[in-house]
Amino acid sequence: MLHVVKLTQLYFLPGEELRVTHTGRGLDEYGTLRVDIEVDGAVPFVQPEAFITIKPYEEDYIQTSPNTLFASATNALSVDGRELQYSWNNTVHYDSLKGTM
């Protein structure tokens, strides 16, 4: 039974795009949340030994339909002191019969 699907799309300034889909499958018999994660796309190349920091950010979701939430933002991360800008949007689809988000 499908409960929640969260789609995150990231866009990096050099032109790379990454799509991450989280599909919540509910709880198993032990009460553990089951989630399938699919990743597709590309990210900018970063040396394995690079020092990376992400600037703090906030996400504010808005209700776009009875079963959908949406958020988007622009941020930057630092790779060895050089700033790399990116933006993303999140869309969450859920079964409103299971309750409110």
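The values are calculated or read from the model by the stated rules, or taken from the named source; none is laboratory data. Worth saying up front: this structure is predicted, and the values here are computed from it rather than measured. For neighbour counting, all protein chains shown are included, and Cβ atoms are generated from backbone atoms with ideal geometry for every residue, glycine included. Quick note on the areas: whole protein, heavy atoms, side chains included, nothing else; ligands and nucleic acids left out. Shrake-Rupley method; radii C 1.70, N 1.55, O 1.52, S 1.80 Å.
Sorted from longest to shortest, the spans of the Cα atoms of the chain along the three principal axes equal 47, 31, 22 Å. Once the chain from ARG19 to ASP95 is taken as fully extended at 0.36 nm per residue, the excess over their C-alpha distance is 25.2 nm. Over the chain, accessible surface divided per residue gives 72 Å², non-protein components excluded, 1.4 Å probe. Please report the relative contact order for the chain, taking Cα pairs under 8 Å with a sequence separation of at least 6, and give it as a percent rounded to a whole number. Averaging sequence separation for qualifying contacts and normalising by length gives 29 percent for the chain. ASP36 sits among other residues whose Cβ lies under 12 Å from its own Cβ, and their net charge, with Lys and Arg +1 and Asp and Glu -1, is +2.
Between SER72 and VAL46, what is the label-to-label distance in nm when each label sits 7 Å out along the Cα-to-Cβ direction? My value for the distance between the label points is 2.4 nm.
The chymotrypsin sites (Phe, Trp or Tyr not before Pro) of segment 1-63 meeting both criteria, a DSSP state outside H, G, I, E and B (loop) and at most 13 other C-beta atoms within 10 angstrom of the site's C-beta, are TYR30, PHE45, PHE51, TYR57.
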